[in-house]
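To start, I am sharing the structure in question, which I have written as structure tokens.
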Amino acid sequence: MNARGNDLGRSDGTVGKALEVLEAVAAFERPVKFSELQENSHYPKATLYRLLQTLTNQNLVAHDHDTGTYTLGLRLIRLAHTAWEHASLAPVARPFLERLASESGESVHLAQLDNGQVIFVDKLKATDRFETLAQVGKVAPAYCTGVGKAMLAFLPPQQLEVVLQQQSFFPYTRATHRSPDTLLEEIAEVRREGIAFDREEHEEGINSIAAPIFISKGRVIGALSVATSTARQNTEGLQAFRERLLRTARDIGDQASSWHLA
């Protein structure tokens, strides 16, 4: 279970606590029983039950009386769909991602930064021959993903310092950065080259080439990548996608600059 929600609710009263419980329900990615939520919650049983009742009454969580399980509610799903349409890069970028996926024949990921983590807002698969951990709505570390490093490299210095403090530097693979020092060295290279690589740093057997997406005044608002299996392409082979990737990033940035994201 993803414990990302633990940072919520510390000073936001009932709303913050309810959001924390909502994220806990979502993190299981399946119908979840009250006992399972209680095992992972720091709230007393009565408080947790009251928060779940509030969420259920608001149709943000659904309760199945037959199985005794909780799932995300239809109202939340509608809100999520609206947010996807109006608050993320996904709708603007979709036609450009479709073109890139078709041209590359590989998976294409679109991501943005959220509290120091990467959140994938869209994904297109041109082949079913391999799968990546990246899925729409999923979060991943910024320090060991191509899209993450592509965005980190172009953050203002003060913001970069804050985001680096939010990284865990957990060694997912033998290639994962284990300290900010080695990451900063690579970030400087990404800034010079304009592209970033994931060299099996987050997931064994998966690599990617990524580019940042800029809008007006050079502000980075996201990144996209071409991801594939190491059986299909090594890092050198990924260079073949470089110009298409950079062109797509520019096209998305130009479109976003004239949209409400600017």
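The values are calculated or read from the model by the stated rules, or taken from the named source; none is laboratory data. Only a predicted model underlies this, so the values are computations on that prediction, with no experimental measurement involved. Note: ideal-geometry Cβ built from the backbone for every residue, glycine included; neighbour counts use all protein chains shown.
Kindly state which helices (runs of 4 or more DSSP H) lie completely within the stretch 40-124 and contain at least 3 residues that are within 30 Å of I215 (Cα to Cα).
Of the helices (runs of 4 or more DSSP H) lying wholly inside the stretch 40-124, those with at least 3 residues that are within 30 Å of I215 (Cα to Cα) span 74-87, 90-104.
Is at least one residue of the stretch 239-250 acidic (D, E), at pLDDT below 95 and assigned by TED's automatic domain parsing to the domain that holds A150?
no
For the stretch 217-241, which positions are in contact (Cβ under 8 Å) with a residue 60 or more places away in the chain and polar (S, T, N, Q)? Break it down stepwise before answering.
Applying the first criterion (in contact (Cβ under 8 Å) with a residue 60 or more places away in the chain) to the stretch 217-241 yields 218, 220-229, 231-233, 241.
Residues satisfying the conditions are S225, T228, S229, Q233.
Identify all residues within the stretch 192-246 that are hydrophobic (A, V, I, L, M, F, W, C) and farther than 16 Å from A101 by Cα; write none if there are none. So that I can check it myself, show each step before the final result.
In the first step, residues of the stretch 192-246 are kept if they are hydrophobic (A, V, I, L, M, F, W, C); the result is 195-197, 206, 209-211, 213-215, 220-221, 223-224, 226-227, 231, 238, 240-241, 245-246.
The answer is I195, A196, F197, I206, I213, F214, I215, V220, I221, A231.
Given the criteria among the polar types (S, T, N, Q) and assigned to a helix (DSSP H, G or I), does T176 qualify?
no
Just to verify a result, which residue in the stretch 251-262, among those that are of a type outside the set (A, V, I, L, M) and part of a loop (DSSP other than H, G, I, E, B), is modelled with the highest pLDDT? Spell out how you get there, then give the answer.
Quick first cut of the stretch 251-262, residues of a type outside the set (A, V, I, L, M) only: 251, 253-255, 257-260.
Cutting the leftovers down to part of a loop (DSSP other than H, G, I, E, B) gives us 258-260.
Details: S258: 71, W259: 61, H260: 48.
Selected residue: S258.
Out of all the residues in the stretch 190-236, which are under 13 Å from G146 (Cβ atoms), part of a helix (DSSP H, G or I) and not hydrophobic (A, V, I, L, M, F, W, C)?
E193, T235
Check G5, G16 and return the single one that is in a helix (DSSP H, G or I) and at pLDDT 85 or above.
G16
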